[in-house]
Amino acid sequence: MSLKNKVSWQSPSNIALVKYWGKKAGQIPANASISFTLDNCHTRTTVEWEPIEADGAPFHFEIFVDDEPSPEFRPKIETFFQRTADLLPFLPSTKMIIRTSNSFPHSSGIASSASGLSALALCMGDIALQHGALDENNFNRFCSILSRLGSGSASRSVYGGLVVWGQHAEVPGSSDSFAVEYPHHVEHVFTTYRDTVLLVEVGQKSVSSTKGHGLMVGHEYAEARFEQAKANMSEIQKHLQTGDLNGFGELVEAEALSLHAMMMTSRPGYMLFRPNTIAILEKIRNYRETEKVPVHFTLDAGANVHLLYPAHVEQKVHTFVEQELKQFCKDGRYIHDRVGSGPKRLDE
Ligand code: DP6
């Protein structure tokens with residue numbers, strides 16, 4: 001079956017440098033965050049749609065992942081449509097078939113919510129444009145708001161390069177409602193950054209990010225963490241401005257470990273680290289020390305390690321991965337990615 005109209009978008013994943021961890025009602029972040037948008041790790045989503053007579057139901061959709069009917073994804077998408085109902089007034093009188101697939105393997109443990117929800121949000125923004133419900137100049141902002149309502153980190157995937165979500169005094173134009181492209185000078189080297197994702201554990205993680213954010217409510221260290229993130233948002237800008245790779249990397253590593261420290265000290269506490277995660281972090285630090293290569297790690301809410309480094313050391317780092325890190329990866333798997341330019345509309 002196919003419907004009369006169709007929109008398709010490709011949207012990338014992103015990796016946070018200063019982390020979003022903790023939120024308020026309405027998908028409002030407890031602190032500002034900044035990320036690199038990735039390139040190879042992305043989701044492609046097509047929404048076929050046509051107008052129907054409204055029958056009192058809030059939305060009508062079917063979902064296919066990799067061409068298979070995938071009802072297990074319905075709850076996340078229903079939540080998205082419930083949260084965005086006011087912004088997408090055409091939903092009750094539109095029938096949709098959503099088809100989606102990720103460039104990275106399902107079981108890779110790479111968070112698909114940022115790329116997945118932003119790809120869907122871009123399709124919905126596109127349909128809103130076609131309904132005349134939106135001015136073209138506001139398209140990206142509108143889609144970032146929609147994405148945020150689906151998954152906070154998805155708000156940042158709507159733009160390429162360095163992206164900030166959350167109000168911060170030193171980032172003009174920044175907002176808790178939508179992400180913005182990082183507005184200040186960035187040394188060229190950061191635009192060449194690579195991210196090699198080392199797949200330590202694949203499959204569903206034991207505690208979802210949404211649950212983890214919830215555990216920040218009443219967390220003993222929450223206020224200190226939000227203050228730390230705010231200060232790190234100020235400090236990282238100095239490193240981006242001056243091209244201080246070591247200052248940048250030290251901050252990014254501390255952010256990743258703070259994120260996991262919050263998880264470990266939640267009540268109940270939990271650990272997403274695996275022994276191989278720690279083995280990799282130690283290898284990275286030793287290698288950096290002995291070889292003087294600017295390679296640093298970050299982590300998202302899982303066991304996988306993101307290796308961040310500039311293009312000019314790419315060959316060296318690839319050799320290091322093959323010779324010293326691959327052995328700690330599940331089935332020896334990793335993905336080479338890089339800073340990307342943001343989502344793309346896919347034409348037929
Ligand atoms: C650790 O955006 O997945 O990746 O808003 O509940 O969908 P929800 O959470 P999500 O949280 C991401 C957390 C993080 C850090 C980050 O991306 O900033």
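The values are calculated or read from the model by the stated rules, or taken from the named source; none is laboratory data. In this text the structure is predicted, and so the values were computed from the model without any measurement. Cβ atoms come from the backbone with ideal geometry, glycine included; neighbour counts cover every protein chain shown.
Take the residues of segment 1-28 that are under 17 Å from residue 149 (Cα atoms), assigned to a strand (DSSP E or B) and more than 14 Å from the chain's Cα centre (by Cα): which is nearest to the ligand (Cβ to nearest atom)? So, considering only residues that are under 17 Å from residue 149 (Cα atoms), assigned to a strand (DSSP E or B) and more than 14 Å from the chain's Cα centre (by Cα), the one nearest to the ligand (Cβ to nearest atom) is 23. Residue 189 satisfies every condition listed in (1) on the phi < 0 side of the Ramachandran plot; (2) exposed (fewer than 15 other Cβ atoms within 10 Å of the Cβ) except (2).
Going by the structure shown, is residue 145 in the same structural domain as residue 61 (by TED's automatic domain parsing) and assigned to a helix (DSSP H, G or I)? Yes; evaluated as a whole, the condition is true for this residue. Within segment 265-283, residues that are touching a residue at least 24 places away in the same chain (Cβ under 8 Å) have Cβ atoms under 8 Å from residues that are hydroxyl-bearing (Ser, Thr, Tyr) in these pairs: 265/221; 270/206; 272/206, counting only partners at least 6 apart in sequence or on another chain. Within segment 83-91, identify whether any single residue is within 16 Å of the ligand (Cβ to nearest atom) and in the same structural domain as residue 16 (by TED's automatic domain parsing), and answer yes or no. Checked against the condition, which is being within 16 Å of the ligand (Cβ to nearest atom) and in the same structural domain as residue 16 (by TED's automatic domain parsing), segment 83-91 yields at least one hit.
Taking the criterion of being free of Cβ contacts under 8 Å to residues at least 24 places away in the same chain and either hydrophobic (A, V, I, L, M, F, W, C) or in a loop (DSSP other than H, G, I, E, B) (or both), the only residue of segment 285-305 that qualifies is 292. Return a yes/no flag: does segment 271-289 have any residue that is more than 14 Å from the ligand (Cβ to nearest atom), surrounded by fewer than 13 Cβ atoms within 10 Å (Cβ to Cβ) and more than 26 Å from residue 110 (Cα to Cα). The answer is yes, given that some residue of segment 271-289 is more than 14 Å from the ligand (Cβ to nearest atom), surrounded by fewer than 13 Cβ atoms within 10 Å (Cβ to Cβ) and more than 26 Å from residue 110 (Cα to Cα). Only one of the numbered conditions (1) touching a strand residue (DSSP E or B) at 6+ places or on another chain (Cβ under 6 Å); (2) outside any helix (DSSP H, G or I); (3) at pLDDT 95 or above is violated by residue 87, and that is (1).
Residue by residue, here is whether (1) among the polar types (S, T, N, Q); (2) touching a residue at least 12 places away in the same chain (Cβ under 8 Å); (3) over 27 Å from residue 277 (Cα atoms) holds:
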{"residue": "165", "(1), (2), (3)": "no, yes, yes"}
{"residue": "175", "(1), (2), (3)": "yes, no, yes"}
{"residue": "181", "(1), (2), (3)": "no, yes, yes"}
{"residue": "184", "(1), (2), (3)": "no, yes, yes"}
{"residue": "187", "(1), (2), (3)": "no, yes, yes"}
{"residue": "190", "(1), (2), (3)": "no, yes, no"}
{"residue": "195", "(1), (2), (3)": "no, yes, no"}
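Is there a residue in segment 125-133 that is buried (at least 23 other Cβ atoms within 10 Å of the Cβ) and either touching a Lys or Arg at 6+ places or on another chain (Cβ under 8 Å) or touching a residue at least 24 places away in the same chain (Cβ under 8 Å) (or both)? No, because not a single residue in segment 125-133 is buried (at least 23 other Cβ atoms within 10 Å of the Cβ) and either touching a Lys or Arg at 6+ places or on another chain (Cβ under 8 Å) or touching a residue at least 24 places away in the same chain (Cβ under 8 Å) (or both). Take the conditions (1) among the small types (Gly, Ala, Ser); (2) surrounded by fewer than 13 Cβ atoms within 10 Å (Cβ to Cβ); (3) over 23 Å from residue 300 (Cα atoms); residue 70 misses just one of them, which is (2).
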